[in-house]
Each structure stands twice: as C-alpha cells, then as structure tokens.
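What follows is a single structure, written as structure tokens, with notes after it.
The values are calculated or read from the model by the stated rules, or taken from the named source; none is laboratory data. Keep in mind the model is a prediction, meaning the values are calculated, not measured. Here Cβ is always computed from backbone atoms with ideal geometry, including for glycine, and neighbour counts include all displayed protein chains. The area values use the complete protein model at the heavy-atom level, side chains included, leaving out ligands, DNA and RNA. Shrake-Rupley method; radii C 1.70, N 1.55, O 1.52, S 1.80 Å.
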Amino acid sequence: PTTPGKSISTTTPYGNAEKHFDPCDLAIGAGASFVGRASVYHYPQMEKLIMQAMEHNGFSLIEVISNCHTYFGRLNRQGDATAMLQRFKDNSVTVARASKMSQEELEGKWVIGNLHEDNAKTEFCDEYQKVVDTQSG
C-alpha cells in the first residue's frame, strides 16, 4: 500500500488497488516518539535524521524515499536515475516550508525532515525494567 495508485511495481504489476497510506502517519498514530522522512537526494539531511533517530530514547522511524530506476522508474516512465533524483529534489519540501503551504500546494509533495518528536514518552525497555524491579524487590 505504499506504492502510489496506478503505479506498476514488482508487487503491483497491474497497478495498486490498495488505498495508499503514509508510513510516517501510521508510525505517529501507533505511538512512535520520533518520526522523520528524507529522500536519497537529500543525503546530508537523511544522515542527520538517522543520527537523531539513533540517539533518541524510544521508538523511531525514518522513511527514506529512494528510486528504483531499473524497474519502477522504467515501467512508470519516470526516466533514468538522474531524472528520478531530480524529481525528489523538485517535489520535496521541508517541514518548515510545508507549514506555510496550503493542502493544495502540498498535493504531490513529500514533506521531509523531523516530522514528529516526543521526548516526554518513556521507552519500552525503561518501563519494563521498572516492572522487573518492582517484582524482584
């Protein structure tokens, strides 16, 4: 369901019949305390997000939008690797810029950056240790 509708892929050779969903929205809804998105074009930002996620205490998800020019790009007429990377550049907007755009302006765009961070949530292993400690005392 992360394949855009009507797109052809190895798992959707006749187009995607499933309703598309956003993995970042799903992770936030499921309680992730750090969620970010980057594209392979935005490598420095992607590296920074991955480091933030690794240093974050709690469940983190980083969605990395990447190209598959040998199959997906070719079958969906998106051009070669360079053209697909250009598409990532042209259709990505930062969280800060997206906050100033309307829903219509955001249509077809990827919002990249730190999408959600909640440092108040406790991490599962810490909570589990509290349970263990109360039982062993």
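Of all residues in the range 116-131, those being surrounded by fewer than 10 Cβ atoms within 10 Å (Cβ to Cβ) and among the β-branched types (Val, Ile, Thr) number 1. If only residues of the range 2-15 that are open to solvent by less than 60 Å² (accessible area, probe 1.4 Å) and at pLDDT below 80 are counted, the one that is nearest to the chain's Cα centre (by Cα) is Thr3. Criterion first (over 20 Å from Phe59 (Cα atoms) and within 22 Å of the chain's Cα centre (by Cα)) does Leu106 satisfy it? In short, yes. Of Glu107, Glu47, all but one fail to be more than 30 Å from Pro13 (Cα to Cα) and charged (D, E, K, R); the exception is Glu47. Note on the range 96-131: residues that are of a type outside the set (D, E, K, R) and touching a residue at least 12 places away in the same chain (Cβ under 8 Å) amount to 14.
Going through (1) without any contact (Cβ under 8 Å) to a residue 12 or more places away in the chain; (2) over 30 Å from Pro13 (Cα atoms) one by one, Asp90 falls short only on (2).
Can you work out which of the residues in the range 70-95 that are over 16 Å from the mean Cα position of the chain (by Cα) and within 22 Å of Glu47 (Cβ to Cβ) is modelled with the highest pLDDT? Step by step, filter the range 70-95, then rank; the result is Asp90. Residues in the range 1-24 that are touching a residue at least 40 places away in the same chain (Cβ under 8 Å) and either over 22 Å from Glu107 (Cβ atoms) or in a loop (DSSP other than H, G, I, E, B) (or both): 4 in all. Of all positions in the range 52-66, none carries a residue that is assigned to a helix (DSSP H, G or I), without any contact (Cβ under 8 Å) to a residue 60 or more places away in the chain and closer than 30 Å to Ile8 by Cβ.
Just one of the numbered conditions (1) assigned to a loop (DSSP other than H, G, I, E, B); (2) over 18 Å from Cys24 (Cβ atoms) is not true of Gly108: (2). Scanning the range 16-67 for residues that are of a type in the set (Phe, Trp, Tyr), open to solvent by 30 Å² or more (accessible area, probe 1.4 Å) and touching a strand residue (DSSP E or B) at 6+ places or on another chain (Cβ under 9 Å) returns Tyr41, Phe59. Taking every residue in the range 25-51 that is over 20 Å from Val93 (Cα atoms) and pairing it with any residue that is open to solvent by less than 70 Å² (accessible area, probe 1.4 Å) and of a type in the set (Gly, Ala, Ser), at least 6 positions away or on another chain, the pairs with Cβ-Cβ distances below 8 Å are Ala32/Gly58; Ala32/Ser60; Ser33/Gly58; Ser33/Ser60.
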